[in-house]
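To start, the structure itself, in structure tokens.
The values are calculated or read from the model by the stated rules, or taken from the named source; none is laboratory data. The shown structure was predicted, so the numbers you read here are calculated from the model rather than taken from an experiment. Note that we place each Cβ from the backbone using ideal geometry, even for glycine, and neighbour counts take in every protein chain shown.
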Amino acid sequence: MTAHEPSPFGPLLDTRPLFPRERHALLELLRSLEPDDWTAPTVCPGWDVHDIAGHLLNDYLRRISGGRDGHRGAVFENDETLPAYLARVNGVFVEATRQIGPRVLTDLLAHLGPQLDALWATVPLEGPAGIDVSWAGTDEPSPAWLDVAREYTEFWVHQQQIRDAVGRPGADGPELLHPVIDTFLRALPHTLREHERPDGTSVRFEVTGPAGGTWSAVRRTGRWLPSHTAADAAAHVTTDQDTLWRLATRGITVEEARGRSVLAGDEALTRAATTLLAVVA
């Protein structure tokens, strides 16, 4: 990409101010849970509420250790894929945190959160990512702001999974949810990568609800790129904000998401767009 070419990841999105607000809602939630709530099953296979809180602690520790202290962390085993590596190391940590009580888990998250905020404050947003965001593109390095935004979505989604498990709505107002949706839709050009179309062909994704908006991708010089407008889009997907974030994280299946959406225009492109995935799987 030259200085005159648009970024395949879209315009810069600074999610750093959102971390303390998301964490405040999380800590209020965790401190309000009854003992039985901590054992409620979640959408994450084999994990209960306590396990997701332990996984969040792992995320905090991993990013502080690596980003601030330069600690390498767990290494890949021979021929291990990234999804297999993540499943292994995340599973090991979650199993270990089952020895930690809910109050201690919550206190550790509260203690480490400001340290993570301080780390994000030092990140040059337009520099290279600490960890590339593979679901948004693999043909060039990710920018740091997208890496940070990816972490914000990770924390927000896990909080919602806990809320779902214990029947507590909240933390889904537009100020917290819109940046999640905005980040997830950065995956749209990469999602369409295998579908060749003439230059100028566009796909529009309209997300309804207070946290929604419109996102587009256009075909230019042999690749899909983000676009501000696509009024005459060849393919158009309309879905609600709840469906979008659950689709992107596979909290629901692709077919469930299509059943909740309106697809119009080029069928191959609308079906491709509705496979959008914003997690490593």
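Condition check ((1) in contact with a Cys (Cβ under 8 Å, 6 or more places away or on another chain); (2) touching a residue at least 60 places away in the same chain (Cβ under 8 Å); (3) outside any helix (DSSP H, G or I)) across all residues:
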{"site": "Asp36", "(1), (2), (3)": "no, no, no"}
{"site": "Ala53", "(1), (2), (3)": "no, yes, no"}
{"site": "Arg62", "(1), (2), (3)": "no, no, no"}
{"site": "Gly67", "(1), (2), (3)": "no, yes, no"}
{"site": "Gly73", "(1), (2), (3)": "no, no, yes"}
{"site": "Tyr85", "(1), (2), (3)": "no, no, no"}
{"site": "Arg88", "(1), (2), (3)": "no, no, no"}
{"site": "Leu109", "(1), (2), (3)": "no, yes, no"}
{"site": "Gln115", "(1), (2), (3)": "no, no, no"}
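The number of residues in region 262-281 that are among the β-branched types (Val, Ile, Thr) and part of a loop (DSSP other than H, G, I, E, B) comes to 4. Of all the listed residues (Arg186, Arg193), the sole one being in contact (Cβ under 8 Å) with a residue 24 or more places away in the chain, assigned to a loop (DSSP other than H, G, I, E, B) and either surrounded by 18 or more Cβ atoms within 10 Å (Cβ to Cβ) or in contact with a Phe, Trp or Tyr (Cβ under 9 Å, 6 or more places away or on another chain) (or both) is Arg193. Beta carbons closer than 9 Å, at least 6 apart along the sequence or on distinct chains, pair a first residue in region 5-20 that is among the polar types (S, T, N, Q) with a second that is in a loop (DSSP other than H, G, I, E, B) and modelled with pLDDT under 95 for Ser7/Met1. Only a single item in (1) under 24 Å from Ala144 (Cα atoms); (2) among the polar types (S, T, N, Q); (3) buried (at least 18 other Cβ atoms within 10 Å of the Cβ) is not met by Thr97, and it is number (1). Entry remark, region 71-103: residues being within 30 Å of Asp36 (Cα to Cα), out of contact with any helix residue (DSSP H, G or I) (no Cβ under 8 Å at 6 or more places or on another chain) and of a type in the set (Phe, Trp, Tyr) number 0 in total. Would you point out which residue out of Val157, Val207, Val203 is assigned to a helix (DSSP H, G or I), β-branched (Val, Ile, Thr), out of contact with any Cys (no Cβ under 9 Å at 6 or more places or on another chain) and in contact (Cβ under 8 Å) with a residue 24 or more places away in the chain? Checking each option against the conditions leaves just Val157. Filtering region 38-48 to residues that are among the hydrophobic types (A, V, I, L, M, F, W, C) and more than 19 Å from the chain's Cα centre (by Cα) leaves Trp38, Ala40.
Within region 233-261, can you find the residues that are closer than 21 Å to Val157 by Cβ, assigned to a loop (DSSP other than H, G, I, E, B) and touching a helix residue (DSSP H, G or I) at 6+ places or on another chain (Cβ under 8 Å)? Walk me through how you get there before you give the answer.
If we filter region 233-261 for residues that are closer than 21 Å to Val157 by Cβ, which is where we start, we get 237, 239-258, 260-261.
With the extra rule that they be assigned to a loop (DSSP other than H, G, I, E, B), the set shrinks to 249-253, 260-261.
Those that are closer than 21 Å to Val157 by Cβ, assigned to a loop (DSSP other than H, G, I, E, B) and touching a helix residue (DSSP H, G or I) at 6+ places or on another chain (Cβ under 8 Å): Thr249, Gly251, Ile252, Arg260, Ser261.
Yes/no per residue for (1) touching a Ser or Thr at 6+ places or on another chain (Cβ under 6 Å); (2) buried (at least 23 other Cβ atoms within 10 Å of the Cβ); (3) of a type in the set (A, V, I, L, M):
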site	(1), (2), (3)
Asp199	no, no, no
Glu206	yes, no, no
Ala211	no, no, yes
Leu225	no, no, yes
Leu247	no, yes, yes
Gly251	no, no, no
Arg260	yes, no, no
Asp266	no, no, no
